[in-house]
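The structure under discussion appears below in the form of structure tokens.
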Amino acid sequence: MTTEQTAAPINAWQVAQSQFDLAAEMLNLDPGLRRVLREPRRELTVHFPVAMDDGSTQVFTGYRVQHNLGRGPAKGGIRYHQDVTIDEVKALAMWMTWKCAVVGIPYGGGKGGVIVDPKKLSLKELERLSRRFFTEIEVLVGPERDIPAPDVNTTPQIMSWFMDTYSMHQGYTVPGVVTGKPISLGGSEGRNEATARGCVFTIVQAAAHLGMDLKKSTVAVQGFGNAGSIAARLMVDEGSTVIAVSDTGGGIWKQDGLDVGKVLAWKKEHGTVVGFPGSQTITNGQLLELDCDILIPAAYENQITAANVDNVKAKIVAEAANGPTTPEADEVLWKKGVFMIPDILANAGGVTVSYFEWVQDLNRDHWTEEDVNAKLKVIMDKAFGEVLAQSLKHGVNMRTGAYLNAVQRVADATAMRGLYP
Ligand code: GLU
């Protein structure tokens, strides 16, 4: 989160519900269905002990929320962050439902989170925390029920511990219980890059639609984790100039372009992108307001808000993060003619390749990276086309276009299944 923000924090769950309400209203959704889809199906809160290296016992709090199971098992990542709240996890779970429906993969939506700053834990403490948290949420998860994955601050190593913990309890190896695993444990080729790759596929489509030349375009990326750092590299591969990137430590700006590979090496050595030779230090907030063609928020929720949206100068905003733009800011961007590629479309590449990973695990199969990337492109391009068509048909922004498709698909599935009992 940007350090500049002083106003009362924006509640992500209220944002998610108001985005849903807008689509439900436009779709003239049956009031009963509306009540069902507006709330999560299940919310689990766990408080669990972890033995710390200093001999003390600490109790941590975590959550797993399943928003909807209508189209298949719950799917969604687990994040480790000191600011995690139940409302944030509920919002992220609801967004997963729509995301899976937008790209047409057979999942519902779920999400998990633990209130912890993982940078303050030793590797052994992180392992004990991960294994115990997964044990606590085992009442919900399973390859046919709910399949976690990486999110903010969670890695393939953590997915391996999750998978091992679950497998030890079952007495046999269950690779399909979690995605985002290392290749050696049934992970998929291309999964690590998938969120960023999918995002760049949507940017390529948007640029073609707008008649923009990516080779002459400048890019600013907020967040230099898995999604942001790889998106920056892939935009360079497209011929664009990446003029700014940032992480929790702050941002760096160089108008004639950053060498993304070297920035990555710098961050590895110094723990932050800040201080990169030849760059100017900026804040996370300033990055969003830079004069650039493409802005990729790839960090946290509520970054583009009513407070700073007037200063956003990009022509395309591609949300690699979940929930970076508030509804008020969305409205302003739309009026300004900014082309918004919403999170539930822009970052759906991650969960799409998670789906490929799960299919490969269930089939004891392994696809080539070429195959994975080609299949990902087909799905992303199709979803982009469907969302653009909705947006043009109804004269609404791409977020509402995406919601119209997603909510309709989930509503249809829910209505066809009918009410039990
Ligand atoms: N955490 C990612 C997301 O927000 C990936 C989820 C998944 O692969 O299940 O989409």
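The values are calculated or read from the model by the stated rules, or taken from the named source; none is laboratory data. Not measured: the values here are computed from a predicted model. We place every Cβ from the backbone using ideal geometry, glycine too, and count neighbours over all the protein chains shown.
Could you look through the stretch 283-295, keep only residues that are over 18 Å from residue 256 (Cα atoms) and under 21 Å from the mean Cα position of the chain (by Cα), and pick out the one that is surrounded by the most Cβ atoms within 10 Å (Cβ to Cβ)? That would be 284. Of everything in the stretch 31-46, what is over 29 Å from residue 60 (Cα atoms) and out of contact with any strand residue (DSSP E or B) (no Cβ under 9 Å at 6 or more places or on another chain)? Give them in sequence order. Within the stretch 31-46, 31, 32, 33, 34, 35 meet the criteria.
Suppose the filter is at pLDDT 95 or above and loosely packed, with under 14 Cβ neighbours inside 10 Å; does residue 57 pass it?
Numbers: at pLDDT 95 or above: yes; loosely packed, with under 14 Cβ neighbours inside 10 Å: yes.
Here the answer is yes, as residue 57 does meet what is asked.
Criterion applied to 82, 66 was being more than 30 Å from residue 401 (Cα to Cα) and either touching a residue at least 40 places away in the same chain (Cβ under 8 Å) or surrounded by fewer than 21 Cβ atoms within 10 Å (Cβ to Cβ) (or both), and the one residue passing it is 82.
Among the residues making up the stretch 170-210, those that are part of a loop (DSSP other than H, G, I, E, B) and closer than 19 Å to residue 348 by Cα are 178, 179, 180, 181, 187, 188, 189, 190. Going through the stretch 367-405 one residue at a time, which ones are in a helix (DSSP H, G or I), crowded, with 16+ Cβ neighbours inside 10 Å and either of a type in the set (Val, Ile, Thr) or modelled with pLDDT under 95 (or both)? Residues satisfying the conditions are 372, 379, 387, 400. Here is a check on your reading of the model: is residue 307 over 22 Å from residue 255 (Cβ atoms), among the aliphatic types (A, V, I, L, M) and more than 16 Å from the ligand (Cβ to nearest atom)? The answer is yes for residue 307.
Contact map, the stretch 160-182: first residue touching a residue at least 60 places away in the same chain (Cβ under 8 Å) and over 16 Å from residue 129 (Cα atoms), second residue away from the ligand (no atom under 12 Å from the Cβ) and among the hydrophobic types (A, V, I, L, M, F, W, C), Cβ cut-off under 8 Å, separation 6 or more or different chains; pairs are 175/163; 175/185; 176/362; 181/163. Pairing each residue of the stretch 348-362 that is farther than 15 Å from residue 151 by Cα with any residue that is within 9 Å of the ligand (Cβ to nearest atom) and aliphatic (A, V, I, L, M), provided the two are 6+ apart or on different chains, yields C-beta distances under 8 Å for 358/147. Of the residues in the stretch 348-366, not one is touching a Gly at 6+ places or on another chain (Cβ under 9 Å), surrounded by fewer than 24 Cβ atoms within 10 Å (Cβ to Cβ), under 26 Å from residue 13 (Cβ atoms) and of a type outside the set (A, V, I, L, M).
If you scan the stretch 184-233, which residues turn out to be crowded, with 23+ Cβ neighbours inside 10 Å and of a type in the set (Val, Ile, Thr)? Scanning the stretch 184-233 gives 195, 200, 202, 203, 219, 221, 230. Listed by position, the strands (runs of 3 or more DSSP E) contained in the stretch 18-122 that have at least 3 residues being more than 12 Å from the ligand (Cβ to nearest atom) are 42-51, 57-68.
With respect to the conditions (1) among the hydroxyl-bearing types (Ser, Thr, Tyr); (2) farther than 24 Å from residue 385 by Cα; (3) crowded, with 21+ Cβ neighbours inside 10 Å, residue 240 lacks only one, and its number is (2).
Residue 264 - would you say it is surrounded by 22 or more Cβ atoms within 10 Å (Cβ to Cβ), under 22 Å from the mean Cα position of the chain (by Cα) and in a helix (DSSP H, G or I)? Judged against the criteria, residue 264 is not a match. Scanning the stretch 153-178 for residues that are within 14 Å of the ligand (Cβ to nearest atom) and in contact with a Phe, Trp or Tyr (Cβ under 7 Å, 6 or more places away or on another chain) yields a total of 6.
Residues that are assigned to a loop (DSSP other than H, G, I, E, B) and buried (at least 23 other Cβ atoms within 10 Å of the Cβ) within the stretch 153-169 comprise just one, 154. Scanning the stretch 126-147 for residues being touching a Ser or Thr at 6+ places or on another chain (Cβ under 8 Å) and within 16 Å of the ligand (Cβ to nearest atom) gives a total of 3.
Conditions (1) part of a helix (DSSP H, G or I); (2) under 18 Å from residue 402 (Cβ atoms); (3) not polar (S, T, N, Q), marked per residue:
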position: 276; (1), (2), (3): no, no, yes
position: 285; (1), (2), (3): yes, no, yes
position: 290; (1), (2), (3): no, no, yes
position: 296; (1), (2), (3): no, yes, yes
position: 301; (1), (2), (3): no, yes, yes
position: 306; (1), (2), (3): no, no, yes
position: 314; (1), (2), (3): no, no, yes
position: 322; (1), (2), (3): no, yes, no
position: 328; (1), (2), (3): yes, no, yes
